[in-house]
Amino acid sequence: MTTQSGPGRAVHIIGAGLAGLAAALALSKSGRSVCIHEAAPQAGGRCRSFHDATLGRRIDNGNHLLLSANRAALDYLAETGAADTLVAGDGPIPFLDLSTGDAWKLDLGTGGLLRRLAAPVFQVPGARCLDAVAMVRLATARPETSVLDALGPGPLMERFWRPFTTAVLNTDPEEASAALLRGVLGTLLFEGGDGLIPLTARDGLSESFVDPCLAALAARGVPLGLGRRLRAIDLEGNRATALHFQGESIALADTDDVVIAVPATAASALLPGLTVPAETSAIVNAHFILEAPGQVPGGGVLIGLVGGTAEWVFLRGDLASITVSAADTWIDRPAEELLDLLWRDTATALGQPDAARPPGRIVKERRATFRQTPEAMKRRPVSTTAWRNLVLAGDWTNTGLPATIEGAIRSGGAAAQALMDARE
Ligand SMILES: Cc1cc2nc3c(=O)[nH]c(=O)nc-3n(C[C@H](O)[C@H](O)[C@H](O)COP(=O)(O)OP(=O)(O)OC[C@H]3O[C@@H](n4cnc5c(N)ncnc54)[C@H](O)[C@@H]3O)c2cc1C
């Protein structure tokens, strides 16, 4: 069946992850007639919550941390009426080295720029003043340099740069792009102390980032079609002319536009010749229901771990959620084995080493983000394409940011802006 696109200047958004939702928000606000087509049975993509029958709980697909410097994400939440659904971590972040028992706190959020830059050197046990010099190498790192090559090995690498790099770039320092990490640090440090406050979703990722946005879009009359996988696009000359879904095709009018907001591999399958970051990197999450609400040292919402398997423990009442980033070596291990390993680390972190393993669930995201290597940086496309009515959005496009919520939301805004500029 072939239908004509609706009346007026329609924009078809393919993919209801945060990039697609942010594009829909901006375009519907500008008065465009928008409709969203999503392949999955739900919106949210890689940032969503779901009911887990094993735990009898709603859980997130994975822990997501924001920082108060993530202005686009905070603006998105404000526009959808969800600004008050994040909780801010108070004070310094506690860390524990599971292999030695060393504990420390990292306070990057107070004092002037120099103090914050020097904080890891003074606060991380084993770090040397010489490590501060290595930061100059990061500042001048060439595009092809990895984080490890720029900053060098040592205790500061293992206790600060490695956890920071894998958390932010989901890529080991041996492979991660030093230039991308430098960009992140620059934004965070120059944003001032307030920019470094960690923020987490109070109730769940969907409750913050998906459901309120869908409600705002529904109020603007934006339809969301679920289970609608785009299979092919007709491209003629410099225009996209038709969209083909299972059992339905849409002929695009001359005034219609398309936003492709799907992951990189899906975009390159739809658009032959498009260069995208090719490799992906996994994240493993575990969720445990504790017997009673847990506490991390200092009473915050998270603790960083080194020297074990678990990397971060996030607490939401009696739910402890554990992250292992850059987890390609773990992703194929059986869930039971991962639960045992990660519970051992979690119990130590929460000060209950003898506790029996509580009910738990492993969530594996094999393609959590693209692998953020120097090579991949060269393969990130801008939002505009050779087809004047088709733009790209997604955390893998050339936002200058890592593949994060902030990057995805900015990419959606940039795609929307490119269409608005082109139609002016
Ligand atoms: C476990 C995990 C932990 C993370 N932790 C953090 C964190 O701590 N902080 C942070 O900021 N970020 C984090 N991220 C990254 C963040 O979730 C992503 O950067 C962001 O959600 C990507 O959004 P997106 O819209 O670009 O892509 P996606 O969320 O992948 O959205 C793309 C959508 O397109 C749909 N789609 C695909 N193909 C088609 C098709 N042919 N037709 C129609 N629809 C299609 C998909 O179903 C999907 O809904 C994490 C990600 C994971 C997986």
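Brief remarks on what is shown
- Condition met for Arg423 (within 16 Å of the ligand (Cβ to nearest atom) and either out of contact with any helix residue (DSSP H, G or I) (no Cβ under 6 Å at 6 or more places or on another chain) or closer than 30 Å to Thr54 by Cβ (or both)): no
- Elements of type strands (runs of 3 or more DSSP E) contained in region 20-111, each with 2 or more residues being within 11 Å of the ligand (Cβ to nearest atom): 33-37
- Picking from residues in region 240-286 that are assigned to a strand (DSSP E or B) and farther than 28 Å from Gly407 by Cβ, the one that is nearest to the ligand (Cβ to nearest atom) is His244.
- Top-ranked residue in region 398-417 [being outside any helix (DSSP H, G or I) and touching a residue at least 60 places away in the same chain (Cβ under 8 Å); ranked as surrounded by the most Cβ atoms within 10 Å (Cβ to Cβ)]: Ala403
- When residues in region 163-200 are screened for being part of a helix (DSSP H, G or I) and away from the ligand (no atom under 16 Å from the Cβ), 8 of them pass.
- If you go through region 118-162 and keep only what is among the β-branched types (Val, Ile, Thr) and outside any helix (DSSP H, G or I), you end up with Val124, Thr140, Thr145.
- Among the residues of region 201-239, not one is under 26 Å from Gly300 (Cα atoms), polar (S, T, N, Q) and assigned to a loop (DSSP other than H, G, I, E, B).
- Residue within region 165-185 that is surrounded by fewer than 23 Cβ atoms within 10 Å (Cβ to Cβ), under 30 Å from Arg57 (Cα atoms) and not β-branched (Val, Ile, Thr) present: yes
- Meets criteria (within 13 Å of the ligand (Cβ to nearest atom) and under 25 Å from Thr280 (Cβ atoms)) for Thr384: no
- One residue alone among Val276, Val222, Val262, Val258 is under 30 Å from Leu390 (Cβ atoms) and touching a Cys at 6+ places or on another chain (Cβ under 7 Å), and that residue is Val222.
- Residue within region 341-359 that is acidic (Asp, Glu) and assigned to a loop (DSSP other than H, G, I, E, B) present: yes
- Qualifying position, being more than 26 Å from the chain's Cα centre (by Cα) and not assigned by TED's automatic domain parsing to the domain that holds Pro353, among Phe122, Phe160: Phe122
The values are calculated or read from the model by the stated rules, or taken from the named source; none is laboratory data. These numbers come from a predicted model, not from an experiment. All Cβ positions, even for glycine, are placed from backbone atoms using ideal geometry, and neighbour counts span all protein chains on display.
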